[in-house]
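A.B. asks: What follows is a structure written as structure tokens; I'll ask about it next.
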Amino acid sequence: ALRDPTPVALGYGPSRLIVVNADLRGARLVSGARGELQRRLLERARAIPGVERATATFGIPFWRSNSTDLFVPGRDSLGRLGTFYQNIVAEDYFDATGTTLLRGRVLTLAGRSSGARVTLVSEMLASKVWPDRDPIGQCLKVGADTMPCAEVVGIVKDVRWGSLGDEDRMQFYDPMPLDEAGALFLRVTGDPRRLIEPVRRELQGVLPGLGYVDVRSLDSSLDHVFRPWRLGATMFTLFGILALLVSAVGLYGVIAYSVT
């Protein structure tokens, strides 16, 4: 996993991530064309100097997420455990974001191509849904009890995706269909801000018609989340220093009076 320098442990490393969103401006693509467009964007992105890894995802931290119902054979009322959040991701997602795989395996292109129904779950989801058994190999049904089983093939570290608390840490990850598309995450070397314009120039030429790409560093997207946290931490530090100074002055006065 990559180092997470944020004031709250997120479970992934945002400091060297670039987020790319392609806006097609209403252009309609034939069936399967969105998946082909995403494949071309990923190939072009991986060829840019400074880009280490590129992947695709539906969810974006503190911006876009999806909650849904889960069902497990032999278990009733899973909804009482809390809210379950689904993310749909392509291969390389966990390496690109720095999310730690604790057990099992990650999603692969071969698995996506085979159409096998597999999923990965977060540590908290695994411990709450299967407290007394091994989650690997268990059946998970998404959306309705009549849906086919998705086999749990891995357990990943909890992440904070929509809040700085613990209420959104029950997550699971499904493979992105080959004919679908999402936002791109690019893991880069060094400061991501220096690559924003090169990435925009390279990927803009791939989009059809009047489409354009929105490129930004993930750190800049999270500034509004951590600004109140940093402000509160700064104020607590200043008040602590002030209290220390007042105590020191009072102690000095007492000692000076005693000496006199």
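The values are calculated or read from the model by the stated rules, or taken from the named source; none is laboratory data. Keep in mind it's a predicted model, so treat the numbers as computed, not measured. Please note: Cβ atoms are built from the backbone with ideal geometry, for glycine as well, and neighbour counts cover all protein chains shown. The accessibility values were calculated without ligands, DNA or RNA, using every heavy atom of the protein model including side chains. Shrake-Rupley method; radii C 1.70, N 1.55, O 1.52, S 1.80 Å.
A.B. asks: Quick one: accessible surface of Val106, probe radius 1.4 Å, all protein chains present, in square angstrom to the nearest 10.
C.D. replies: Number for this one is 50 Å².
A.B. asks: Ignoring ligands, DNA and RNA, how do Ile136, Ile255 rank by accessible area with a 1.4 Å probe, largest first?
C.D. replies: Ile255, Ile136
A.B. asks: Pop out the ³J(HN,Hα) list for the stretch 66-76 in order, Karplus 6.51 cos²θ - 1.76 cosθ + 1.60 with θ = phi - 60°, rounded to Hz; leave Gly and Pro as x.
C.D. replies: Whole-Hz 3J(HN,Hα) from phi for the stretch 66-76: 9, 9, 8, 8, 10, 9, 10, x, x, 10, 10.
A.B. asks: Check Asp69: other-chain or 5+ apart residues with amide H under 5 Å from its amide H, H built from backbone geometry?
C.D. replies: Those lying under 5 Å, H to H, from Asp69 are Gly143.
A.B. asks: For the chain, what is the largest minus smallest coordinate of the Cα atoms on each principal axis, given in angstrom and ordered from greatest to least?
C.D. replies: If we take the Cα atoms of the chain, the spans are 90, 52, 30 Å.
A.B. asks: Could you please put Leu70, Leu29, Leu242 in sequence from largest to smallest accessible area, using a 1.4 Å probe?
C.D. replies: Order by accessible area, largest first: Leu242, Leu29, Leu70.
A.B. asks: Around Gly182, what is the net charge, scoring Lys/Arg as +1 and Asp/Glu as -1 over all other residues with Cβ under 11 Å from its Cβ?
C.D. replies: Summing Lys and Arg as +1 and Asp and Glu as -1 gives +1.
A.B. asks: Divide by every residue of the chain the summed helix terms, -39500 (n - 2.57) for each DSSP H run of at least 4, and state the resulting mean residue ellipticity at 222 nm, rounded to the nearest 500 deg cm²/dmol.
C.D. replies: Value at 222 nm, helices only, nearest 500: -10500 deg cm²/dmol.
A.B. asks: For the full complex of protein chains and a 1.4 angstrom probe, list Arg25, Arg39 by accessible area with the highest value first.
C.D. replies: The ordering from most to least exposed comes out as Arg25, Arg39.
A.B. asks: Rounded to the nearest 0.05, what FRET efficiency do Leu101 and Asp134 give with R0 = 22 Å and r taken as the Cβ-Cβ distance? Could you check?
C.D. replies: 0.90
A.B. asks: Still on this structure, I have one more. Note down the net charge around Leu101, summing +1 for each Lys or Arg and -1 for each Asp or Glu among other residues with Cβ under 10 Å from its Cβ.
C.D. replies: +2
A.B. asks: With an 8 Å cut-off on Cα pairs and a minimum separation of 6 or more residues, tell me the relative contact order of the stretch 58-182 in percent.
C.D. replies: 37 percent
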